[in-house]
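Enquirer: Questions regarding the structure given below will be posed in turn.
Quick note: the coordinates plus some simple rules give every number you see, no bench work behind them. Because the structure is a prediction, the values reported are computed rather than measured. All Cβ positions, glycine included, derive from the backbone under ideal geometry; neighbour counts span all protein chains shown.
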Amino acid sequence: MDWMRMIQLFIDPEIIQATKDTLVMLGLSTLFTIVIGLPLGIIVFLCSEGQLLSNKLMYTILSTVINIFRSIPFVILMIMLIEVTRFIVGTSIGVRGTIPPLVIAAAPFFARLVETSLREVDKGVIEAAQAMGASPNQIIWRVLLPESRPGLIAGITITVVTLVSYTAMSGIIGGGGLGDLAIRYGYQRFDTEVMLITVFIIIVLVQILQMLGDRLVLRFTRK
Amino acid sequence: MINLTNVSKEYIVVKKKVNALSEINLCIKKGEIFGIIGYSGAGKSTLVRCMNLLEKPSTGQVEIGGVDLTALPSAKLQSERKKIGMIFQHFNLLSSKTIFENVAFPLRLNKVPKKMIQNRVDELLQLVGLEDHRNKYPSQLSGGQKQRVGIARALANQPDVLLCDEATSALDPQTTQSILELLLDIQRKLKLTIVIITHEMQVVQAICDRVAVMDMGKVVEEEKVIDIMLQPKHEITKKLIAETTGDDKMNTILQQADRKLLKISFRGEQTYEPILFDVIKETGVSLSILQGSISRLKETPYGQLIVEIFGDQASFERTIQSLQDHHVQLEVL
Ligand SMILES: Nc1ncnc2c1ncn2[C@@H]1O[C@H](COP(=O)(O)OP(=O)(O)OP(=O)(O)O)[C@@H](O)[C@H]1O
Ligand SMILES: [Mg+2]
């Protein structure tokens, strides 16, 4: 192993570009995951037994769909979705082509985490808001979301970290970013240094994200 | 003010019907403090939750301030609920918001202008004595303080009615006392109608005007508090009272036959008059006091004595006559 080369690789334009790509994929997929997963999680929670919109049929349907998506391994889901991805963003490779499978895999996962943290909200508090004449909308925005904020942030952290590993996996079908680099150099050309560097950057990224998430959770915990 | 007509509530638990409430009829007047007492599972919470329709009655009508709540669509019900404050055993404050924000919460739901919220919350925090804690979070307060926040929040929208479900059950006796005094004070200032759920007779004695006793989903007795205390009719009522006064020990004495026993009840100012002394002077009878208590219900003092009369039947009857002349209430045991 060539240590000098390892150090030089840190400023290698291709590695820098790959890191940027990974960050873009991560940022966009996280955004869409939250935009889809949060409302989905809220609806699932509200439809569950004893809650505001309690609806057994609706709950069973949504819950089953979420379970199906969650039980398919990401690598397989990604390949299954190639046509869908092409339809949505026009291509199935590169940064753009990776985002739809990432979101479709992560949103149901995140929705489940949202549902779990909403379940942690004290039922008495929801009831108190109802007794004060709060509408279902007000209960969602002013009670459920603020009260479960630490849990939601923890959920987002877990989801983002999962998305980091998914972005790396997407390299298999030409997804772009660090995963792509690791596969092209490390796996196909036995270039150990590049592989190690990409793994190193991914580890650092995960550490930073987790630390940030933990700090935010702490900051918003009032219990 | 609050009229319940034939209110019933049944739950289906594992395909079996549970009658939590059956055919409740209650009429709570404006400005009174009304107690609802009973043992665990009697249906007290279900009843009070039916009053603001947190629980929808299976049948029957709930009318508050002349509005039939059971007939309202949900948007109208939401606006009616703003006139009904509620406090809870476990306070149910928003843990993510400060004390100030908790009290401001119902006002914000109502879209009250910021400036007015500020003033109103300050006023309420002062009323419950928590001005200094406005920027703390609920987890930083004691149980009694949390309940004060609960009360301030319930009063924010200037309700006509305050519902309290076991509001003092999670508190120690001293804190309970201070919360009850606060409620009494608020009731006097704001002329609220207050409904208090409890399983402790002391709470009823301390602040209620009238009380309904519940057992197995039914109201078994409904009276002025003083009448319930001095002349309980239903077994459950007697049991609840006995627990507070320690009357159960008397039963062994009472079961001994051929003793001439009298239960004498005083109410109001006569409690402090030397009636017994006068009676002895008049009749020359000899007696001994087996048990006695003097207490207060809100402002009304009342007392109860159990005495044993020594002597023949004639002197026993003379004593009874003399006591009746003094207008005290008597019961031969
Ligand atoms: N959501 C529910 N589902 C099924 N049964 C219920 C429900 N809520 C209450 N019950 C039943 O209704 C009856 C009355 O309950 P309730 O909570 O009103 O009693 P309570 O007098 O308030 O008792 P406690 O002093 O323990 O609070 C009980 O038998 C209880 O098991
Ligand atoms: Mg109860």
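Enquirer: If you restrict to DSSP beta bridges whose two residues both lie in the protein assembly as shown, what percentage is antiparallel, to the nearest 5? Can you show the working numbers first?
Expert: Working: 44 of 63 bridges.
The antiparallel proportion sits near 70 percent.
Enquirer: Specify the angular offset, from 0 to 90 degrees and rounded to the nearest 10, of the alpha carbon long axis of helix A:192-220 from the longest principal axis of the alpha carbons in chain A.
Expert: On a 0 to 90 degree scale, this one is about 20.
Enquirer: Bin width 5 Å, origin at 0, all Cα-Cα pairs of segment A:3-220: what percent of pairs per bin?
Expert: 1, 7, 13, 16, 16, 14, 11, 9, 6, 4, 2, 1, 1, 0
Enquirer: Given R₀ = 30 Å, what would the calculated FRET efficiency be for A:M58 paired with A:F87, taking r from the Cβ atoms and rounding to 0.05? Can you show the working numbers first?
Expert: Values: r = 27 Å, r/R0 = 0.91.
Calculated transfer efficiency: 0.65.
Enquirer: Can you tell me the orientation of helix B:99-109 relative to chain B, as the angle in degrees between its alpha-carbon axis and the longest Cα principal axis, to the nearest 10?
Expert: The angle comes out at about 70 degrees.
Enquirer: Using only Cα atoms, find the angle between the long axis of helix A:13-47 and the longest principal axis of chain A, and express it within 0 to 90 degrees, rounded to the nearest 10.
Expert: That works out to roughly 20 degrees.
Enquirer: Further question: Using a 10 Å cut-off on Cβ atoms, rank the peptides B:48-54, B:147-153, A:85-91 from the highest mean neighbour count down.
Expert: Working: B:48-54: 21.6, B:147-153: 27.0, A:85-91: 14.6.
Sorting B:48-54, B:147-153, A:85-91 by mean packing, highest first, produces B:147-153, B:48-54, A:85-91.
Enquirer: What list of ³J(HN,Hα) values in whole Hz, one per residue of segment A:94-107 in order, does the Karplus curve 6.51 cos²θ - 1.76 cosθ + 1.60 (θ = phi - 60°) give from phi, with Gly and Pro shown as x?
Expert: x, 4, 4, x, 8, 4, x, x, 4, 5, 5, 7, 7, 4
Enquirer: Just to be sure I follow the rule: in segment B:137-241, considering lysines 8 or more places apart or on different chains, how many pairs have Cα atoms under 22 Å apart? Can you show the working numbers first?
Expert: On the way: B:K146/B:K189; B:K191/B:K224; B:K218/B:K233; B:K218/B:K238; B:K218/B:K239; B:K224/B:K233; B:K224/B:K238; B:K224/B:K239.
Counting lysine pairs in segment B:137-241 gives 8.
Enquirer: If we sort A:95-108, A:49-62 on the protection proxy, mean other Cβ atoms within 10 Å, highest first, what's the order? Let's see the in-between values first.
Expert: On the way: A:95-108: 24.3, A:49-62: 13.1.
Highest-to-lowest ranking by the protection proxy: A:95-108, A:49-62.
Enquirer: Right, something else. Sequence-distant or interchain residues sharing an amide H contact under 5 Å with B:T98, placed H: which?
Expert: For B:T98, whose amide H was placed from the backbone, there are no distant partners under 5 Å.
Enquirer: Just want the answer: with Cβ charges of +1 for Lys and Arg and -1 for Asp and Glu, which residue in B:I194, A:L216, B:I236 is farthest toward the dipole's positive end in the protein assembly as shown?
Expert: Checked the options; the winner is A:L216.
Enquirer: Diagonalise the Cα gyration tensor of chain B and give the resulting equivalent ellipsoid semi-axes, square root of 5 times each eigenvalue, largest first, whole Å.
Expert: On the way: eigenvalues 391, 112, 57 Å².
After diagonalising the Cα gyration tensor, the semi-axes are 44, 24, 17 Å.
Enquirer: For chain A, what is the relative contact order in percent, using Cα pairs closer than 8 Å and at least 6 residues apart in sequence?
Expert: Value for chain A: 27 percent.
Enquirer: In peptide B:86-96, what is the residue-averaged number of other protein chain Cβ atoms found within 10 Å of each Cβ? Before the final figure, lay out each step's value.
Expert: Working: counts 5, 2, 5, 1, 4, 4, 9, 4, 10, 9, 13.
For peptide B:86-96, the averaged partner shielding equals 6.
Enquirer: Right, next: Given H placed 1.01 Å from N in the peptide plane, which residues other than close sequence neighbours of B:M86 have an amide H under 5 Å from its amide H?
Expert: B:L163
Enquirer: Given 10 °C and 1.306 mPa s, how large is the Stokes-Einstein diffusion coefficient of the protein assembly as shown in µm²/s, with Rh as the Kirkwood radius over Cα pairs?
Expert: Numbers: Rh = 28.8 Å.
Stokes-Einstein gives a translational diffusion coefficient of 55 µm²/s.
Enquirer: Which is farthest toward the positive dipole end of segment A:3-220 among A:P146, A:Y166, A:L28, measuring Cα position about the Cα centre, with Cβ charges +1 (Lys, Arg) and -1 (Asp, Glu)?
Expert: A:P146
Enquirer: Here's another thing I want to ask about it. Mind checking B:104-114 for the average number of partner chain beta-carbons within 10 Å of each residue's beta-carbon?
Expert: Values: counts 0, 7, 6, 1, 3, 9, 3, 0, 0, 0, 0.
Mean inter-chain Cβ contacts per residue within 10 Å come to 3.
Enquirer: Fewest first, what order do A:S135, B:S96 take by the number of other Cβ atoms within 10 Å? Mind dumping the intermediate values first?
Expert: Working: A:S135 16, B:S96 22.
With the sparsest Cβ surroundings first, the list reads A:S135, B:S96.
Enquirer: Principal axes first, then extents: for the Cα atoms of segment B:101-202, list largest minus smallest coordinate on each axis, whole Å, largest first.
Expert: 43, 30, 20
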